[in-house]
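Written below as structure tokens is the structure these notes are about.
Computed from the coordinates by the stated procedures, all read-outs in this text should not be read as laboratory data. All figures in this text were calculated on a predicted structure; none of them were measured in a lab. Please note: Cβ atoms are built from the backbone with ideal geometry, for glycine as well, and neighbour counts cover all protein chains shown.
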Amino acid sequence: MAALTAFRGLPLPLWARFGSMASLWTRQVRGLSQLPQPNELGGQTCRNETSGLKERIANRREAALLGGGVKRIEAQHAKGKLTARERLNVLLDHGSFLEFDAFVEHRCSDFNMDQTKIPGDSVVTGRGQINGRTVFVFSQDFTVFGGSLSGVHAQKICKNTSYLFITGPDVVKSVTNEKVTQEELGGAQTHTAISGVAHRAFDSDIDALLHLRHFMDFLPQSNREAAPVRDYHDPSDKLIPALDHIVPLESTKAYDMLDIIHAIVDEGDFFEIMPNYAKNIVVGFCRMAGRTVGIVGNQPKVASGCLDINASIKGARFVRFCDAFNIPLLTFVDVPGFLPGTNQEYSGIIRHGAKLLFAFAEATVPKITVITRKAYGGAYDVMSSKHLRGDMNYAWPTAEVAVMGAKGAVQIIFRGKEDQLAAEEEYVQKFANPFPAASRGFVDDIISPSETRRRACADLEILKRKLQHNPWKKHANIPL
């Protein structure tokens, strides 16, 4: 079978991976010969006609399975890429794929296109399972007309590509005289680190598909179902002594928020979303005591964890996603404020920052917040504070809830006065600690960092019964 030959162009590990798919294709085609025989009452003519029809069906199915043909499959492999069907084989549980519209063809007759029809056209569609749960999938077939969009293709599924742009490099050059490559205009680096259009980039098709399987395992099938609960090995009441020393004594010294997250979540498994975009905020999925939880955290390693426009949008989008699918939120706060500067002000930091505030305020899922160090000004309020209906808000002993840092505050309050060092020390003693916030009820408790996992898991167990409704409205009016 020609389809089997196409796999020989793959490196050995890939051939081993897709050998099962080649045999599956063989079984699909050969299986047609095992269809029930025609009724004998029809005579020899009926048998001949049925036999001929079966052969036509088999030939059409084989053509659909081969897509653009062996040469184009080999060309795809030479680029280190998988075909449309190979990608589905990696993504889905073995043997679970059921294809739809395998015999559909395009209806274009211009430019002799009616002479080049391939069953299934340029996209493979159907349903299968990921970790035992049903999903509907489509996979664009680059071997068929470059995966381009036809009327039939659009009917089967909407278009998506590895390069994303509204207009290609040629149009850009003709309109603006700007020379830019496809990769610069709409490649992975552009959209994962600069524009934020794409959420993650991967080294290969297989890497991307295996990560997608992992990602899907965190999500419910719909907002009416709960996310799957998985077995876990880390005790829910586990103490983590290393966290007691993770925050530096010097408030200006950075640390990695990811170290805290990995230490607290089940088995250290954290699926970060948009890791290369707006790195001053961290968002992603984990499990706590087996249940899916969305995590939001300021990242002191980047821009001191300040909130800027991109971070606010990234955080707001993630919070609303979690709220849409009833996924609880665990927020880690170390934020010195919103990023100052004319660029941010002219670009609307007030409007965009309000998106994150709106998202947290609107969310009705369980919300747990842990202040690890700085919680200054309006940025503190935005980060799932008690004022935004936080369910449980904790502070570590290193937490500082204040309008701003001691140095900046003293410079304003005692401007022009002598002995500002003494004034700064006095300010630190009064406000650079969690007691003022605790005394006002802004935090529910001051806890040791080592017991954060235990407290969060216990709270999530109680809050899983939370039921909260927002006042009815036609739709929300988030500041877009």
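Which FRET efficiency value, to the nearest 0.05, do you get for Ala208 and Ile478 by plugging their Cβ-Cβ distance into 1/(1 + (r/R0)^6) with R0 = 41 Å? Can you show the working numbers first?
Numbers: r = 31 Å, r/R0 = 0.75.
Calculated transfer efficiency: 0.85.
For the stretch 350-480, compute Rg over Rh where Rg is the Cα radius of gyration and Rh is the Kirkwood radius from the inverse mean 1/r over Cα pairs. Please list the in-between numbers first.
Values: Rg = 17.6 Å, Rh = 16.6 Å.
Dividing the radius of gyration by the Kirkwood radius yields 1.06.
For Ile462 and Ser439, calculate 0.36 nm times their separation in residues minus their Cα-Cα distance, and state this gained length in nm to one decimal.
Working: separation 23, 0.36 × 23 = 8.28 nm, distance 2.47 nm.
Fully extending the segment from Ile462 to Ser439 adds 5.8 nm.
Across the stretch 216-230, in residue order, what do the Karplus-derived ³J(HN,Hα) couplings come to in whole Hz, using 6.51 cos²θ - 1.76 cosθ + 1.60 with θ = phi - 60° and x for Gly and Pro?
4, 5, 7, 9, x, 5, 6, 6, 8, 10, 7, 5, x, 9, 10
If amide H atoms are built 1.01 Å from N in the plane of the peptide, which residues on other chains or at least 5 residues away come under 5 Å of the amide H of Leu239?
Amide H to amide H, under 5 Å and 5 or more residues apart or across chains, Leu239 pairs with nothing.
Placing +1 at every Lys and Arg Cβ and -1 at every Asp and Glu Cβ, with all other atoms neutral, what dipole size does the stretch 162-217 have around its Cα centre, in debye to the nearest 20? Each step should come with its number before you reach the end.
Values: 4 positive and 8 negative charges, 32 e Å.
The dipole magnitude comes to about 160 debye.
Along the positive direction of the dipole of the stretch 209-352 (beta-carbon charges: Lys, Arg +1; Asp, Glu -1; about the Cα centre), which of Asn326, Pro235, Leu249 reaches farthest?
Of Asn326, Pro235, Leu249, it is Asn326.
At a 10 Å Cβ-Cβ cut-off, how would you order Ile295, Ile313, fewest neighbours first? Walk me through the intermediate numbers first.
Working: Ile295 27, Ile313 19.
Least to most surrounded, the residues fall as Ile313, Ile295.
Could you point to the residue in His211, Val171, Ala188 farthest towards the positive end of the stretch 162-217's charge dipole, with +1 and -1 charges on the Cβ of Lys/Arg and Asp/Glu respectively?
The one lying farthest along the dipole's positive direction is Val171.
Size of the dipole of the stretch 274-382 about the Cα centre, Lys and Arg at +1 and Asp and Glu at -1 on the beta carbon, nothing else charged, in debye to 20?
Numbers: 12 positive and 6 negative charges, 62 e Å.
The calculated dipole for the stretch 274-382 is roughly 300 debye.
So if we plug the beta-carbon distance of Ile446 and Thr134 into 1/(1 + (r/R0)^6) with R0 = 45 Å, what FRET efficiency do we get, rounded to 0.05? Write down the numbers at each step before the final one.
Values: r = 46 Å, r/R0 = 1.03.
FRET efficiency, Ile446 to Thr134: 0.45.
Can you return the lysines within cross-link range of Lys79? Criterion is Cα-Cα under 23 Å, with same-chain partners fewer than 8 residues away left out.
Reachable lysines: Lys71, Lys159.
Calculate, for Lys179 and Arg351, the FRET efficiency according to 1/(1 + (r/R0)^6) with r their C-beta to C-beta distance and R0 35 Å; round to the nearest 0.05.
On the way: r = 34 Å, r/R0 = 0.97.
Working from the Cβ atoms, E equals 0.55.
Can you list the lysines whose alpha carbon sits under 28 Å from that of Lys464, skipping same-chain ones fewer than 8 residues off?
Straight-distance partners of Lys464: Lys238, Lys314, Lys355, Lys367, Lys386, Lys473, Lys474.
Quick one: 3J(HN,Hα) in Hz for the stretch 267-277, Karplus 6.51/-1.76/1.60 with θ = phi - 60°, rounded, Gly and Pro as x.
My calculation for the stretch 267-277 gives 6, x, 8, 10, 9, 7, 9, 6, x, 9, 10 Hz in order.
Would you mind getting the Kirkwood hydrodynamic radius of the stretch 162-217 from its Cα pairs, rounded to one decimal in Å? Kindly include the intermediate steps, with their values, before the conclusion.
On the way: mean 1/r = 0.0793 Å⁻¹.
Taking every pair of different Cα atoms in the stretch 162-217, averaging 1/r and inverting gives 12.6 Å.
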